[in-house]
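These notes are about the structure you will find just below.
The values are calculated or read from the model by the stated rules, or taken from the named source; none is laboratory data. Computed from a predicted structure; not experimentally measured. Using ideal geometry, Cβ is built from the backbone for each residue, glycine included, and neighbour counts are taken over all protein chains shown. Surface areas here come from the heavy atoms of the whole protein model, side chains and all, with no ligands, DNA or RNA. Shrake-Rupley method; radii C 1.70, N 1.55, O 1.52, S 1.80 Å.
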Amino acid sequence: PAPTNPPVPVTTPAPTNPPTPVPTNPPVPVTTPVPTNSPMAVSPTTGGPAPLAVPGIADSEGYELVYELGIPTNPNYGSSGPLYSTDTHLAVSTFNRVAYYLDLGSTHVWVSMDAFTDDSQKIGVPCLSLECGDGVTPTVIQQIVNNVNVVSNVAGLSGSGYTGNVEFWPFNYGPANGISIPGASTTDYDFGDAPAADGVYGSMQVHVHGNGPHTGTVFAFNRFNDGAVADLGIGNKPTGQPDWALSSNANTYGVRKLQVYVTGVPEGPTPFTPAPTVQPTPVPTNLPTPAPTNPLTPAPTNPPVPVTTPAPTNP
């Protein structure tokens, strides 16, 4: 028989294990922080609004704090300026809106408006001391302001798009309607008065007089130069002088916080153009001296004249 070749053994290759894949970690996203209180700031991750300068007040979005003051009951800014707990005005170069927040404990008001000056030194308290303002002359600002927004828990005060006016000066003042504010009195101290050229009484007032439900004072801080009890109020004073003149009531509030804010860096090289200033009607200087009951112009106190007893004559 033909030889039989033995079967050739088939070699089974050793199994090869596939390489173990190296795990790849997904990239960690980098979070860009949202700017804090940056003018007109928008979150780069969400596109949402910037933080509110005052919680709960939507109009305060994007505003930056410039000054904060705990108002003393008896301010005496005739020789030295206010002791602000915050003062960043040296870092503020450009802005197009100004806002004030006055907190008196049970009542508060926020009011914002188109800027009435391009100098951050002139948006604080307009005191008699040259530590206030530009350091050269006292701040006197009496002019119309536009696009005024008011948010307050005082009934009837809130509104947007008001026309208003500011009355900032360190001097005495009278009730004459200096720049012809519509509806203002010429006999009461209200939302249209006129500064004198001297004196120490002082006025830091914001008012509205058109395009909204309220007419008159938004807030007033008066008599801050002579150490007497100051006048403070939100809205029109219900009795007496509507702008809170002669009230001497600062000591009735447990909280007296004033904050000043700015916002709005204009795009491009367009310079800031302040609203035109209307010159006030000068207050006559030959008026009779007011009675002592009107402290806007305190009556001088004359010392008693000593009585000389004649020497006896001998006959």
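For the reader, a short list of remarks on this structure follows.
- Inter-residue pairs, beta-carbon under 6 Å, first among the aromatic types (Phe, Trp, Tyr) and in region 91-104, second at pLDDT below 95, 6+ apart: Phe95/Gly264
- Any hit, region 235-245, residues being surrounded by fewer than 21 Cβ atoms within 10 Å (Cβ to Cβ) and either in contact with a helix residue (DSSP H, G or I) (Cβ under 7 Å, 6 or more places away or on another chain) or touching a residue at least 40 places away in the same chain (Cβ under 8 Å) (or both): no
- Residue ID - modelled with the lowest pLDDT, chosen from residues in region 72-101 that are part of a loop (DSSP other than H, G, I, E, B) and among the small types (Gly, Ala, Ser): Ser93
- The lone exception for Ser129 - which of (1) buried (at least 21 other Cβ atoms within 10 Å of the Cβ); (2) within 23 Å of Pro170 (Cα to Cα); (3) among the hydroxyl-bearing types (Ser, Thr, Tyr) it fails: (1)
- The residue of region 73-86 that is least open to solvent (accessible area, probe 1.4 Å), among those that are under 26 Å from Asn165 (Cβ atoms) and within 16 Å of the chain's Cα centre (by Cα), is Pro82.
- Only one of Val34, Val8, Val30 that is modelled with pLDDT under 95, touching a Ser or Thr at 6+ places or on another chain (Cβ under 8 Å), more than 21 Å from Val148 (Cα to Cα) and part of a loop (DSSP other than H, G, I, E, B): Val34
- In this entry, Tyr253 passes the filter for residues that are of a type in the set (Phe, Trp, Tyr), surrounded by fewer than 22 Cβ atoms within 10 Å (Cβ to Cβ) and touching a residue at least 24 places away in the same chain (Cβ under 8 Å).
- Residue check, Val154 part of a strand (DSSP E or B) and either closer than 20 Å to Pro238 by Cα or among the aliphatic types (A, V, I, L, M) (or both): no
- Of Gly161, Gly156, Gly105, Gly199, all but one fail to be modelled with pLDDT of 95 or more, touching a His at 6+ places or on another chain (Cβ under 7 Å), open to solvent by 10 Å² or more (accessible area, probe 1.4 Å) and at positive phi; the exception is Gly156.
- Considering (1) modelled with pLDDT under 95; (2) surrounded by 18 or more Cβ atoms within 10 Å (Cβ to Cβ); (3) closer than 28 Å to Pro51 by Cβ, the lone condition that Val262 does not fulfil carries the number (1).
- Scope region 108-126; condition part of a strand (DSSP E or B) and either surrounded by 21 or more Cβ atoms within 10 Å (Cβ to Cβ) or at positive phi (or both); matching residues: Val109, Trp110, Val111, Ser112, Met113
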